[in-house]
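The values are calculated or read from the model by the stated rules, or taken from the named source; none is laboratory data. Since the structure is predicted, the reported quantities are computational estimates derived from the model, not experimental observations. Reconstructed Cβ throughout: ideal geometry from the backbone, glycine too, with neighbour counts over all protein chains shown.
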């Protein structure tokens, strides 16, 4: 059997010491260009690659970063954001020979304990902080633990020195409201996601400010939780109002698609009697009936940029410039001009009304 090449074989072939080979593969300074070239050519000729665990030890790093998700299992299983975001993270980490340590927790204390274990047991060198909350204490807590961190939050979020990677959530919602206004809608409601998240509040604020800028009355706001069931209940509540909205902007596509179903069940025609806008452009959005008008974000690119930034912080390098694709407003068949003022009132549904 052929013997697997070792670092000693590479050093012998290149005519250098093993420490020089180590310096080259770990990107450390102090090696001449000619020696570096000989090492790289010798490694290629022998088919040798450094052992990931040995590299981590030599760098005094774990070669891993962590992601702790505190979400209800039902919500996590239906949210399309995290699979796409983690796919982007894996793209960014694989190119730099880092791995992702993922942990799903159910409460605040479990989340805090997970970060403490990452630091105490040297399981991760840095962490992604997602689902940023209003007055979130996690950025300061992980800093005190000595962990590098990248915060995933809407563009422009200020966190006193913590790098923030995000997209312009409010731009998408603003375009949605302006689009509906251009079609002639005046009663535009909003079904928001879980209260307390920074991105939820950013979308709510963009909806409200856009209505004010356009001189439109403030529409009805219903708080949900990003699930399809909550979106359906919220839609029933809105359509049971004495003056129901002619258009609804939802906090995500799952709630919007559920809203489409509710409207159809109640005998409304979409978009003639009700226009519907989602957020995320999930794979199902073009195939709903009618196809869903929505806001598209490149979540995979977002995850890749977050991974590249976090690894740079862990290694003490200047993070790369981040230029994410802008959000896109995708117009499909679920939005159109409102019908005449004499449109029929929707029939009442026997289902339970939503809680606001």
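How about segment 180-192: which of its residues are closer than 17 Å to residue 332 by Cα, in contact with a strand residue (DSSP E or B) (Cβ under 8 Å, 6 or more places away or on another chain) and not in a loop (DSSP other than H, G, I, E, B)?
Across segment 180-192, the qualifying residues are 180, 181.
Of all residues in segment 160-176 being assigned to a loop (DSSP other than H, G, I, E, B) and in contact with a strand residue (DSSP E or B) (Cβ under 9 Å, 6 or more places away or on another chain), which is nearest to residue 311 (Cα to Cα)?
Checked segment 160-176; the qualifying residue nearest to residue 311 (Cα to Cα) is 163.
Counting only residues that are part of a helix (DSSP H, G or I) and touching a strand residue (DSSP E or B) at 6+ places or on another chain (Cβ under 7 Å), how many does segment 109-130 have?
4
This table checks each residue for (1) within 28 Å of residue 85 (Cα to Cα); (2) out of contact with any strand residue (DSSP E or B) (no Cβ under 7 Å at 6 or more places or on another chain).
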residue	(1), (2)
158	yes, yes
178	no, yes
213	no, yes
221	no, no
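Condition check ((1) in contact with a strand residue (DSSP E or B) (Cβ under 7 Å, 6 or more places away or on another chain); (2) closer than 22 Å to residue 312 by Cβ; (3) at pLDDT 85 or above; (4) not in a strand (DSSP E or B)) across all residues:
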| residue | (1), (2), (3), (4) |
| --- | --- |
| 4 | no, no, no, yes |
| 10 | no, no, yes, yes |
| 29 | no, yes, no, yes |
| 40 | no, no, yes, yes |
| 75 | no, no, no, yes |
| 83 | no, no, yes, yes |
| 93 | yes, yes, yes, yes |
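Given the conditions (1) modelled with pLDDT under 95; (2) surrounded by 22 or more Cβ atoms within 10 Å (Cβ to Cβ), report the number of the one that residue 279 does not fulfil.
All conditions are met except number (1).
Mind counting the residues in segment 195-243 that are touching a residue at least 60 places away in the same chain (Cβ under 8 Å), part of a loop (DSSP other than H, G, I, E, B) and surrounded by fewer than 21 Cβ atoms within 10 Å (Cβ to Cβ)?
Counting residues in segment 195-243 that are touching a residue at least 60 places away in the same chain (Cβ under 8 Å), part of a loop (DSSP other than H, G, I, E, B) and surrounded by fewer than 21 Cβ atoms within 10 Å (Cβ to Cβ) gives 3.
From the list 347, 317, 355, exactly one residue is closer than 21 Å to residue 79 by Cβ, modelled with pLDDT under 95, outside any helix (DSSP H, G or I) and not assigned by TED's automatic domain parsing to the domain that holds residue 176. Which is it?
Exactly one residue qualifies, and that residue is 355.
For residue 326, state whether it is more than 20 Å from the chain's Cα centre (by Cα), touching a residue at least 40 places away in the same chain (Cβ under 8 Å) and part of a loop (DSSP other than H, G, I, E, B).
Spelling it out, it is not the case that residue 326 is more than 20 Å from the chain's Cα centre (by Cα), touching a residue at least 40 places away in the same chain (Cβ under 8 Å) and part of a loop (DSSP other than H, G, I, E, B).
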